[in-house]
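Since the structure comes first, as structure tokens, the remarks are kept for the end.
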Amino acid sequence: MHEHFPDFSAAELAEIGRMNQRLRFAPRFRAPTPLGRLAIQAFLGAQAIVPIGTRGLTVSTRRISHNGHTVSLRTLRPREAQPRAVYIDYHGGGWSIGTAAMDDLVNAAIARAGITVVSVDYTTLPDIGFEDLIAQGHAAADWVFDHAEAEFGARDLFIGGESAGAHLAACALLRLRDMRRDFARLRGAVLFYGPYDLSVTPSVRAAGPETLVLDGPAMVPGIARLLPERDEAGRRKPDVSPLYADLSGMPPALFLVGERDPLIDDSRLMAQRWQGESGNARLILVPDSPHAFNRLPTRAASRTNAFVRTWLDHRLAATTLRSAAE
């Protein structure tokens, strides 16, 4: 269940170290000011107009309404081949910034492997309440379940996300399991460095000013502000903190996190509980790597993203073999 990413070479580990040295001088992420958020969202929105790295794919955006929620979906699909599955993606950004288009480069590689990606362009804070944001994320996934075969030509599904997106994916998973009779169509979950405990884990509490990528000292008060009407015990409830939910009956899950990420305990504890209750979790710890490590221009990042695509292939192959045996 718990393992280091296999076989990084000395050269690849040295490259990670050099990247970390550069990140020491880079700004750390924290919840942006209203003006800063506006500027960031405007910049990221340009990606939706001029897609990057999506050559050979069909890229489209549509707005759907489902179960009382309206949300945009960005779809990347292979042009030539019939898709083998649909992957539901949730972008990161601390629930407060980000767009579906900023995941295009990673999602394009999944689409080129024959899996249509539907990325949820959810409403970011503070333009929506936090509980409503979770409900919106579930509504988007539920719509994909309803329409995957007719709209995208595939029945099998995956779900995943990074950082805040991994949290939203986990929350959606729990609601889908409880509400859908065809939940078994979901063949796996890919969860990168998510915050699964909004009362915060020990590694988050210990995050200091030396933390890379994320502003360590700002994390505890920043997460508390997500739900100002709840105390710490209230933020620990399973409707917002998947770590404390019933994790039985879940699909195979791949948890990935860097060893220098302050959210490492979230992935460790979530994988441990998932394994204990569903028996199908795999935790990958990437040496010396910070938050969002798979987005950095390193060979380790490229290999990690390729590893995820191989894992998806193996899950589909296992499904095919099981169906043939039946």
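The values are calculated or read from the model by the stated rules, or taken from the named source; none is laboratory data. Here the structure is a predicted model, which means the values were calculated and not measured. Neighbour counts are summed over all protein chains in view; Cβ atoms, including those assigned to glycine, are modelled from backbone coordinates with ideal geometry.
What strands (runs of 3 or more DSSP E) lie completely within segment 1-95 and have 1 or more residues being modelled with pLDDT of 95 or more and hydrophobic (A, V, I, L, M, F, W, C)? Talk me through it step by step, then tell me what you get.
Values: elements: 2-4, 57-66, 69-78, 85-90.
Of the strands (runs of 3 or more DSSP E) lying wholly inside segment 1-95, those with at least 1 residues that are modelled with pLDDT of 95 or more and hydrophobic (A, V, I, L, M, F, W, C) span 57-66, 69-78, 85-90.
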*Would you pick out the residues in segment 142-154 that are touching a helix residue (DSSP H, G or I) at 6+ places or on another chain (Cβ under 9 Å) and touching a residue at least 40 places away in the same chain (Cβ under 8 Å)?*
ASP142, VAL144, PHE145, ALA148, PHE152, ALA154
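State which residue is surrounded by the fewest Cβ atoms within 10 Å (Cβ to Cβ) when the search covers only segment 66-111 and only residues that are of a type in the set (Lys, Arg) and either in contact with a helix residue (DSSP H, G or I) (Cβ under 9 Å, 6 or more places away or on another chain) or within 15 Å of GLY161 (Cα to Cα) (or both). First the steps, then the outcome.
Of segment 66-111, the ones of a type in the set (Lys, Arg) are 74, 77, 79, 84.
After this cut, where a residue has to be either in contact with a helix residue (DSSP H, G or I) (Cβ under 9 Å, 6 or more places away or on another chain) or within 15 Å of GLY161 (Cα to Cα) (or both) as well, the list is 74, 77, 84.
Working: ARG74: 24, ARG77: 21, ARG84: 19.
Looking at residues that are of a type in the set (Lys, Arg) and either in contact with a helix residue (DSSP H, G or I) (Cβ under 9 Å, 6 or more places away or on another chain) or within 15 Å of GLY161 (Cα to Cα) (or both), I get ARG84.
Can ALA172 be described as more than 24 Å from VAL308 (Cβ to Cβ), in contact with a Gly (Cβ under 9 Å, 6 or more places away or on another chain), part of a helix (DSSP H, G or I) and not aromatic (Phe, Trp, Tyr)? Give the derivation first.
On the way: more than 24 Å from VAL308 (Cβ to Cβ): no; in contact with a Gly (Cβ under 9 Å, 6 or more places away or on another chain): yes; part of a helix (DSSP H, G or I): yes; not aromatic (Phe, Trp, Tyr): yes.
So ALA172 does not fit the description; no.
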*Restricted to segment 236-250, and to residues that are crowded, with 21+ Cβ neighbours inside 10 Å and of a type outside the set (Gly, Ala, Ser), which residue is nearest to PHE158 (Cα to Cα)?*
MET250
_Unmet criterion (only one of (1) buried (at least 20 other Cβ atoms within 10 Å of the Cβ); (2) assigned to a loop (DSSP other than H, G, I, E, B)) for GLN136_ = (2)
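Name the one entry in THR319, THR304 that is of a type in the set (Val, Ile, Thr), over 15 Å from LEU243 (Cα atoms) and either over 18 Å from the mean Cα position of the chain (by Cα) or surrounded by fewer than 20 Cβ atoms within 10 Å (Cβ to Cβ) (or both). Please lay out each step first, then the result.
Numbers: THR304 fails: either over 18 Å from the mean Cα position of the chain (by Cα) or surrounded by fewer than 20 Cβ atoms within 10 Å (Cβ to Cβ) (or both).
That would be THR319, the only listed residue that is of a type in the set (Val, Ile, Thr), over 15 Å from LEU243 (Cα atoms) and either over 18 Å from the mean Cα position of the chain (by Cα) or surrounded by fewer than 20 Cβ atoms within 10 Å (Cβ to Cβ) (or both).
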*Name the residue, out of LEU256, LEU243, that is modelled with pLDDT of 95 or more and touching a strand residue (DSSP E or B) at 6+ places or on another chain (Cβ under 6 Å).*
LEU256
*Sole exception among (1) surrounded by fewer than 22 Cβ atoms within 10 Å (Cβ to Cβ); (2) not in a loop (DSSP other than H, G, I, E, B) for LEU191, by number*: (1)
_Consider segment 106-119. How many of its residues are part of a strand (DSSP E or B), touching a Ser or Thr at 6+ places or on another chain (Cβ under 8 Å) and not polar (S, T, N, Q)?_
2
*How do the pairs read when you match residues in segment 259-276 that are under 14 Å from ASP288 (Cα atoms) with residues anywhere that are among the hydroxyl-bearing types (Ser, Thr, Tyr) and in a helix (DSSP H, G or I), using Cβ under 9 Å and keeping only pairs 6 or more apart or on different chains?*
ASP261/SER203; ASP261/SER267; PRO262/SER203; LEU263/SER203; ILE264/SER203
